[in-house]
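Here's the structure we're looking at; comments come further down.
The values are calculated or read from the model by the stated rules, or taken from the named source; none is laboratory data. Since the model is a prediction, treat every value here as computed from it, not as a measurement. Cβ placement follows ideal geometry from the backbone for every residue including glycine, while neighbour counts extend to all protein chains displayed. Note: areas computed on protein heavy atoms with side chains; ligands, DNA, RNA excluded. Shrake-Rupley method; radii C 1.70, N 1.55, O 1.52, S 1.80 Å.
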Amino acid sequence: MKKIIPALVLGTMVSLQSHAVVDKNFDYHVDRFADIEVLRYEVPEFDRLTLQQKKMLYYLTEAAQAGRDIIWDQNGRYNLQLRRLLENIYTGYKGDRNSKDFKAFEKYLKQVWFGNGIHHHYSNDKFVPEFSQSFLEGEIAALPDNMLPLLEGQTRNEMMSVLMPVIFDPSVMAKKVNQDGTQDVVATSAGNLYEGVTQAEVEAYYNSIKDLNDPTPISYGLNSKVVKENGKVKEEHYHLNGLYGDAIARILYWLGMAKEVAENDAQKAYITKLMDYYITGDLKLFDEYSILWAEDTKSDVDFVNGFIESYNDPLGMTGSWESYVNFKNSKSSARTETISSNAQWFEDNSPIDPRFRKPNVKGVSAKVITAAMLAGDAFPSTAIGINLPNTNWIRAAHGSKSVTLENITEAYDMASHGNGFNEEFVIDEPTRKLMDEYLYITDMLHTDLHECLGHASGQLLPGVDQDALKENGAALEEARADLFALYYLADPKLLELGILDNPDAYKAEYYKYMLNGLMTQLNRIEPGKDIEEAHMRNRQLVAAYVLDKGKKGKVVELVKKNGKTFVKINDYKKMREILGQLLAEIQRIKSEGDYAAGNALIQKYAVKVDPKLHKEVLDRYSRLDIPPYRGFINPRYTPVYDEKGEIIDVKLGYGENYVEQMLRLSRDYNTLIK
Ligand code: ZN
């Protein structure tokens, strides 16, 4: 639950301030289809790494890509088979590649690649093909049997009868993650984390094995699929000799190589522990690994590789496989080090009930990193900040590691220049100017504060179940971290620490946050739909709450200008007070495990959309032609060998396009479909 994903405006608003190391000629734009733009990111300062670090990085990027098929299978049980089928048709197609059907087919395949499966990465809705079923059937008929991804014993016709409805029937596997609490969210979610079980059965199963008195509980269900066998509910674990063993074997090979060139013993120790966990699937080992990993703050090259975030599970238990490989950006890390070394001050002064404050904030280590590879659930759509481990007791006892992916934020920002967003949606010239000057830095700071301090702050009262907020847990946790960040962005402490140089700088972020939460993020929602995704719910919750509570004093208003709606903030100071009040309430809800109050807040502010305003936002957006979602392809790392077969250098290359990269990954990292 501890990742921050880019707000819509982060990808679209333009701020020209203080970019660190940017090649002005770097081409960020790669591809554009449906509601997606694909970018590439730069990896500055790769050349300053030592040969040993470059080798380490190379091995880790291989370990990252080796797990690609896992996320495809977790996202839906037919995804791998479908991917193979679609790619074989795509590469072997003999007809007119400019025909309407083929263009629609290509668009669909690009969407499926981006979603790591047949569902949209953000809305969770199944993609709707714009080519005809007869077109696809004709293409499949033209493929010889050996080009069909038939499962063992499956005939061509059997395959067709399974896959055609999966692609074309809107009622089949309609939603990857269904969060509608009035339904059985397990049975109605199309993800492949449960099979043949109901929500009630899964909850009963976990209740029967959970020990609420254990002060150091494992993360139940993190690495398993829940199934029914002979009428009995059970977990199938992901490990070397279990589910996804073939992919895990390959991850293990590359982790083993990386271990040999680790920077220090601490790093070697956590890689060893991670490997032991992958071999056995023992979640106790995963906790031990997480502690070692969180406590290693010395290593320059670093990575995440595993079953981590549980957003794709309607019950928030099973981790989606992901990997990030990165190295430290020392210059920018000075900023986060200042923040984290003052963590206790922030905790002690936060506007919450003192009983819910942490008496000792443990080692919130924070750094700014340069992403070198994104993989699994973090690819192509990625977070811009991460804070791990997720386990509450580990965070409390051993601290957590918080990172900001600066080169990714930079790429979003640089790729947005001149897109007309600010002119269309920001109320007036002075506000635009403030944002031009301060949005880049306050956005970064928001991410830092959210990750280093927000998620790490506060404590549960004794005996409160960490999953007590159930399906609202993720949205409320994100709101808590955002509120902590927003509250402190306006604090004079940041000027005192030398992080900001203008007492009004925070207003840039406040304006952006309200504009996004009340209006512009609606661009990501289809007409008539509610808000589902946790971060979007969080952002609307915060913004709508401020608007509502500030109504009397006209703190924030929605005003009309030339028939268009604008956010107008009249009293930034008062707005900060309201943010503080909401932070206090959400912290209380979390600390006491008050499900009812949390659910009431979510239902009142976070879910429903004003259809008129929604339509206006969509219309204004469509005239700007800005894609609502963006993601990245990775650079390539190519080792250079000497005549003895030793790596003497690693070359970094940016030349691939989106289609080339996706086809290469499917060819070279195909582990789970033969
Ligand atoms: Zn977060």
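Restricting the calculation to alpha carbons of the range 613-652 gives Rg and Dmax of 22.7, 66 angstrom. Within straight-line reach of LYS176, meaning a Cα separation under 16 Å, sit the following lysines at least 8 residues removed in sequence or on another chain: LYS126, LYS225, LYS529.
The stretch between ASP282 and THR155 holds 41.9 nm of extra length on full extension. This uses 0.36 nm per residue minus the Cα-Cα distance.
For the range 447-457, putting each phi into the Karplus relation 6.51 cos²θ - 1.76 cosθ + 1.60 with θ = phi - 60° gives couplings of 4, 4, 5, 4, 7, 6, 10, x, 5, 7, 7 Hz, in residue order, rounded to whole numbers and with x for Gly and Pro. Each part gets one Cα centre, and for the range 420-437 versus the range 480-532 those centres are 15 Å apart.
In the calculated pair distance distribution of the range 180-319, what percentage of Cα-Cα distances lie above 26 Å? Mind showing how you got there, number by number?
On the way: 3090 of 9730 pairs.
So the pairs more than 26 Å apart make up 32 percent of the total in the range 180-319.
When +1 charges are put on Lys and Arg Cβ atoms and -1 charges on Asp and Glu Cβ atoms, the dipole computed for the range 403-519 relative to its Cα centre reaches about 260 debye.
The Rg/Rh ratio of the range 143-203, with both radii computed over alpha carbons and Rh defined as the Kirkwood radius, is 1.11.
When ASP101, ASP491, ASP501 are compared by accessible area at a 1.4 angstrom probe, the order from most to least is ASP501, ASP101, ASP491.
A simple count of charges around ASN88, restricted to other residues whose Cβ falls under 12 Å of its Cβ and scoring Lys, Arg +1 and Asp, Glu -1, yields 0.
Percentage of Cα-Cα pair distances in the range 474-591 greater than 20 Å, rounded to whole percent? Intermediate results must be reported in sequence, preceding the final value.
Details: 3078 of 6903 pairs.
Tail of P(r) above 20 Å: 45 percent of Cα pairs.
Based on the alpha-carbon gyration tensor of the range 597-674, what equivalent-ellipsoid semi-axes (square roots of 5 times the eigenvalues) come out, in whole Å, largest first? The partial results should precede the final answer.
Numbers: eigenvalues 437, 76, 38 Å².
Computed over the range 597-674, the values are 47, 20, 14 Å.
Under the criterion of Cα pairs below 8 Å and six or more residues apart, the relative contact order for the range 428-540 equals 36 percent. Convex hull volume of the Cα atoms of the range 408-559, normalised per residue: 160 Å³. Take the Kirkwood radius over Cα pairs of the range 364-409, plug it into Stokes-Einstein at 4 °C and 1.567 mPa s, and you get 113 µm²/s for translational diffusion. Normalised size of the range 363-444, defined as Cα radius of gyration per 2.2 N^0.38 Å with N residues, equals 1.42.
Shown in residue order for the range 402-412 are the 3J(HN,Hα) couplings computed by the Karplus curve 6.51 cos²θ - 1.76 cosθ + 1.60 at θ = phi - 60°: 10, 10, 10, 8, 5, 5, 6, 4, 4, 5, 4 Hz (x for Gly and Pro).
Label sites at TYR93 and ALA142, each approximated as a point 7 angstrom past Cα along Cα to Cβ, lie 1.0 nm apart.
Taken over the range 531-645, the percentage of Cα pairs per 10 Å bin, counting from 0 up to the bin with the maximum distance, is 11, 29, 28, 15, 7, 5, 4, 0. In the chain, what % of DSSP beta bridges are antiparallel (nearest 5)? Here the antiparallel bridges make up roughly 75 percent for the chain. Counting only protein heavy atoms and a probe of 1.4 Å, the accessible surface of the range 378-453 is 54% carbon and sulfur. For the range 344-396 versus the range 102-137, the inter-centroid distance based on Cα atoms is 35 Å. At q = 0.17, 0.22 Å⁻¹, what log₁₀ I(q)/I(0) does the range 422-485 have when each alpha carbon counts as one equal point scatterer in the Debye sum? Rounded to two decimals, the profile gives -0.73, -0.92. Straight-line reach from LYS268: taking Cα to Cα under 19 Å and skipping same-chain neighbours fewer than 8 places apart, the lysines in range are LYS54, LYS55, LYS259, LYS284, LYS298, LYS328, LYS401. In the structure shown, do any of LYS512/LYS612; LYS110/LYS507; LYS362/LYS433; LYS568/LYS604 have a Cα-Cα gap over 29 Å, and if so which? In this structure, LYS110/LYS507; LYS362/LYS433 exceed 29 Å between Cα atoms.
Which order do ARG537, ARG48 take when ranked by solvent-accessible area (1.4 Å probe, heavy atoms of all protein chains), largest first? Walk me through the intermediate numbers first.
Numbers: ARG537 25, ARG48 100 Å².
Order by accessible area, largest first: ARG48, ARG537.
Near the amide H of VAL650, within less than 5 Å, lie the amide hydrogens of VAL640, all on another chain or at least 5 residues away, with H placed in the peptide plane. Farthest toward the positive end of the dipole of the chain, out of LEU583, LEU547, TYR641, is the Cα of LEU547, where the dipole comes from beta carbon charges about the Cα centre. Kirkwood analysis of the Cα pair distances in the chain returns a hydrodynamic radius of 25.7 Å.
For the range 308-318, 3J(HN,Hα) computed residue by residue from phi via the Karplus equation (6.51, -1.76, 1.60; θ = phi - 60°) reads 10, 8, 10, 4, 7, 9, x, 9, x, 10, 6 Hz, glycine and proline entered as x.
Take ILE308: with every protein chain present and a 1.4 Å probe, its accessible area is about 20 Å².
Residues HIS239, HIS446, ordered by accessible area of protein heavy atoms at a 1.4 angstrom probe radius and largest first, appear as HIS239, HIS446. Within the range 518-569, all pairs of alpha-carbon atoms sorted by distance into 10 Å bins from zero give the percentages 22, 46, 30, 2. For the chain, the 222 nm mean residue ellipticity estimated from helices alone, with every DSSP H stretch of n ≥ 4 adding -39500 (n - 2.57) and the total spread over all residues, rounds to -13500 deg cm²/dmol. Relative contact order, whole percent, for the chain stands at 20, derived from Cα pairs under 8 Å and 6 or more residues apart. Alpha-carbon geometry of the range 79-182: the Rg and the Dmax are 14.1, 48 Å, given in that order.
Cα-Cα pairs above 21 Å in the range 109-252: how many percent?
Numbers: 6254 of 10296 pairs.
Percent of Cα pairs beyond 21 Å in the range 109-252: 61.
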